[in-house]
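Engineer: Once you've had a glance at the structure underneath, I'll fire off some questions.
The values are calculated or read from the model by the stated rules, or taken from the named source; none is laboratory data. The structure presented is a predicted model; accordingly, all values stated were derived computationally and were not measured. Cβ placement follows ideal geometry from the backbone for every residue including glycine, while neighbour counts extend to all protein chains displayed.
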Amino acid sequence: MNLTKILTIALLAVSLYLAYYLYSGVQKTIDDRNSIATNESAVIERLKLIREAEIVFQQVNGQYTANWDSLATFIETGKVPIIERREEIIQKAYGGEDIIIHIDTLGFISAREKILKKNYTVSAADDGIFMGYKVKVGDQVITNQKAYAMKEGDKVNELPFLEKGTITTLANVSVGAAITRGQELISFWDYQFNPNVDVRKLSEKEDGTKYEIFAGNVDKSGVKVQVIEVVDPTPANPARKESNDHKNRKPLRFGSRIDVSTAGNWE
């Protein structure tokens with residue numbers, strides 16, 4: 001084998017090695033980014049669930065909780081009242097009026113249902129003539145599926161669902177009846193969180209660490225107000241540091257220890 005062939009083979013081997021090295025480096029960067037995105041998506045979903053549970057817990061108990069067992073027990077066994085608020089206006093003799101607020105408890109639903117489910121409504125898109133429903137109670141619908149038909153002038157439009165879910169009620173509206181913009185026609189619901197979630201492991205991350213939680217009271221202009229904060233202590237993204245000046249570059253979290261807020265820094 002002459003020198004030229006030896007050099008050619010050597011250069012080819014070096015070229016192949018460099019090509020593989022560059023490819024593997026680029027692919028690793030892509031894989032790392034995808035892994036971080038997947039991890040953060042799961043963390044955000046868990047933080048949203050914890051936030052919803054804390055909000056409902058506070059509505060029922062008058063305060064947030066920093067005890068994971070108490071929060072899990074509430075989700076499993078708690079009851080949430082269904083409240084109806086009515087205003088009664090009483091005219092006074094001299095022309096003024098009093099407004100009396102009536103708050104009635106219509107019943108209770110489980111905390112788990114309140115937290116995991118989300119209710120939706122479909123309202124009339126405009127004034128027009130109702131031309132009938134395209135669904136019935138109990139149907140499972142998907143986004144962009146036709147919900148109802150209405151006539152506007154000489155044109156009949158079929159309006160779609162903007163969310164998926166299960167139909168619970170249809171308003172009693174006859175075909176040919178006039179409907180007004182904003183009139184509620186359809187109620188339906190869907191799970192906003194995984195219904196099979198293990199609430200006893202609500203605090204746990206996949207890496208075995210736990211979310212940091214704080215619940216307490218702070219003084220705001222002489223008034224004691226409740227605050228809640230939950231933080232991911234082990235961010236997958238190394239760029240997320242507690243020392244970062246920008247809120248959305250800090251470790252993923254919702255709420256605040258010093259302000260009345262339940263906003264997430266991913267929003």
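Engineer: Would you call Ile83 at pLDDT 95 or above, under 25 Å from the mean Cα position of the chain (by Cα) and closer than 30 Å to Phe161 by Cα?
Structural biologist: no
Engineer: When the stretch 199-209 is examined, which residues are found to be exposed (fewer than 14 other Cβ atoms within 10 Å of the Cβ) and outside any helix (DSSP H, G or I)?
Structural biologist: Glu206, Asp207, Gly208, Thr209
Engineer: Could you please give the count of residues in the stretch 161-170 that are closer than 14 Å to Ala124 by Cα and either among the β-branched types (Val, Ile, Thr) or surrounded by 15 or more Cβ atoms within 10 Å (Cβ to Cβ) (or both)?
Structural biologist: Of the residues in that region, 2 qualify.
Engineer: I would also like to ask the following. How many of the residues in the stretch 241-267 are assigned to a loop (DSSP other than H, G, I, E, B) and touching a Leu at 6+ places or on another chain (Cβ under 7 Å)?
Structural biologist: Residues that pass the stated criteria total 3.
Engineer: Considering Glu54, Glu45, Glu113, which residue is of a type outside the set (Gly, Ala, Ser) and in contact with a helix residue (DSSP H, G or I) (Cβ under 8 Å, 6 or more places away or on another chain)?
Structural biologist: Exactly one of Glu54, Glu45, Glu113 is of a type outside the set (Gly, Ala, Ser) and in contact with a helix residue (DSSP H, G or I) (Cβ under 8 Å, 6 or more places away or on another chain), namely Glu54.
Engineer: Filtering the stretch 64-88 down to residues that are among the polar types (S, T, N, Q) and assigned to a helix (DSSP H, G or I), which residue is surrounded by the most Cβ atoms within 10 Å (Cβ to Cβ)?
Structural biologist: Across the stretch 64-88, the extreme among qualifying residues is Thr73.
Engineer: Residues that are closer than 21 Å to Asp198 by Cβ, loosely packed, with under 15 Cβ neighbours inside 10 Å and touching a residue at least 60 places away in the same chain (Cβ under 8 Å): does the stretch 96-116 have at least one?
Structural biologist: no
Engineer: While we're looking at this one, here's another question. Return only the number of the condition from (1) touching a residue at least 40 places away in the same chain (Cβ under 8 Å); (2) closer than 20 Å to Asn39 by Cβ that Pro251 does not satisfy.
Structural biologist: Checking Pro251 against (1) touching a residue at least 40 places away in the same chain (Cβ under 8 Å); (2) closer than 20 Å to Asn39 by Cβ, the one that fails is (1).
Engineer: Tell me, which residue of the stretch 222-250 that is surrounded by fewer than 11 Cβ atoms within 10 Å (Cβ to Cβ) and small (Gly, Ala, Ser) is nearest to Trp266 (Cα to Cα)?
Structural biologist: Only one residue tops the list, namely Ala239.
Engineer: Which residues, taken from the stretch 125-179, are within 28 Å of the chain's Cα centre (by Cα), of a type in the set (A, V, I, L, M) and either more than 25 Å from Gln192 (Cβ to Cβ) or not in a loop (DSSP other than H, G, I, E, B) (or both)?
Structural biologist: Val141, Ala147, Leu159, Ile167, Leu170 - these are the residues of the stretch 125-179 that are within 28 Å of the chain's Cα centre (by Cα), of a type in the set (A, V, I, L, M) and either more than 25 Å from Gln192 (Cβ to Cβ) or not in a loop (DSSP other than H, G, I, E, B) (or both).
Engineer: Name the single residue, out of those in the stretch 171-194 being over 27 Å from Ser35 (Cβ atoms) and touching a residue at least 60 places away in the same chain (Cβ under 8 Å), that is surrounded by the fewest Cβ atoms within 10 Å (Cβ to Cβ).
Structural biologist: Glu184
Engineer: Enumerate the pairs (first residue in the stretch 136-159 and in contact (Cβ under 8 Å) with a residue 60 or more places away in the chain; second residue anywhere and outside any loop (DSSP other than H, G, I, E, B) and surrounded by 12 or more Cβ atoms within 10 Å (Cβ to Cβ)) with beta-carbon separation below 9 Å, excluding pairs fewer than 6 apart on the same chain, so at least 6 apart or on different chains.
Structural biologist: As it stands, the answer is none, since no pair meets every condition given.
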